[in-house]
C-alpha cells in the first residue's frame with residue numbers, strides 16, 4: 001500500500017494554546033500536501049520542560065476539548081495526527097503520543113522507556129502501540145524508545161511496516177538519531193520516521209528512512225520544517 005507521511009519538526013512554546021494553534025496549522029499543511037499521517041515531536045503540545053507539568057493545564061485527556069479543532073481536521077481530511085503530550089486519565093499519567101484518527105477515535109501510545117527525571121512524573125508503557133493508517137501498520141515510539149532494538153523488534157512482531165518516533169534530540173547528540181533510525185529500519189525492513197523538536201539546542205535531523213536504511217527525506221538543520229514523503 002502507498003502511504004504519504006508528513007514529519008513536523010517543531011519548536012514548541014511555553015504556551016499550550018500557541019502549540020495547539022501551530023499544530024493545527026502544520027496539520028492543515030500536511031493535509032493540503034495529501035498526507036495520510038502527520039507526526040509531531042515528543043511533548044509537542046507543552047514543550048519538553050518537565051517543570052511545566054506542575055500546571056494542571058499542561059495535562060491532556062484523550063477526550064480533551066482543546067483537541068476538538070484537530071479532531072475535526074483529522075476527520076475532514078482523513079488525516080491521522082500524532083501529537084506529543086503528557087496524558088492523565090483513569091489509567092494514570094503517561095508521557096504519550098495522542099493519535100487522532102479520522103474515525104474520531106483517539107489512541108494513547110505511552111512511552112515505554114522513560115529517561116532521567118521522567119520517572120518522577122510518568123508511568124512507563126508496556127511496549128509499542130500499533131495503529132492502522134492507509135493500509136499500513138504504524139508503530140509509535142517516543143525518543144528513548146528508539147535506543148532499544150527490542151522496542152522495534154516488538155513493533156515488527158506486531159505486524160508494523162512503519163516505525164514512527166516522536167523525539168527530542170539535542171546538541172551533543174549529533175548523528176545519534178539518524179544512526180538509530182537507520183538501524184531500526186534496516187533491522188526489520190520497516191520504514192522509519194522521526195520528528196524532532198526544532199527549537200534552540202535541537203540537532204534537527206528529523207527525517208524518513210527506507211527499509212534498507214537509506215534516507216528518504218531529511219531536515220536541513222534545526223528550526224521548524226515540514227517534510228512530506230511518500231513510498
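No lab work stands behind these numbers, since they all come straight from the coordinates. Since the structure is predicted, the reported quantities are computational estimates derived from the model, not experimental observations. Every residue, glycine among them, receives a Cβ derived from its backbone with ideal geometry; neighbour counts consider all protein chains shown.
Per-structure values
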{"item": "Overall Cα dimensions of the stretch 70-151 - principal axes, largest extent first, Å", "result": "39, 28, 17"}
{"item": "Translational diffusion coefficient (Stokes-Einstein; Kirkwood radius from C-alpha pairs) of the stretch 1-87 at 37 °C, 0.692 mPa s, in µm²/s", "result": "249 µm²/s"}
{"item": "Proportion of all alpha-carbon pairs of the stretch 4-230 beyond 28 Å (%)", "result": "19 percent"}
{"item": "Fewest-first ranking of 220, 176, 111, using other Cβ atoms within 10 Å as the exposure measure", "result": "220, 176, 111"}
{"item": "Fraction of the pair-distance distribution of the stretch 38-89 above 15 Å, Cα-Cα pairs, percent", "result": "49 percent"}
{"item": "At 1.567 mPa s and 4 °C, Stokes diffusion of the stretch 153-231 via Kirkwood alpha-carbon radius, µm² per second", "result": "103 µm²/s"}
{"item": "The chain: calculated mean residue ellipticity at 222 nm from DSSP helix runs of at least 4, using -39500 (n - 2.57)", "result": "-6500 deg cm²/dmol"}
{"item": "Likely footprinting exposure, 209, 59, 231, fewest C-beta neighbours within 10 Å first", "result": "231, 59, 209"}
{"item": "Contact order relative to length of the chain, as percent, for alpha carbon pairs under 8 angstrom and 6 or more apart", "result": "22 percent"}
{"item": "Residues 46, 211, sorted so that the one with the fewest Cβ neighbours within 10 Å comes first", "result": "211, 46"}
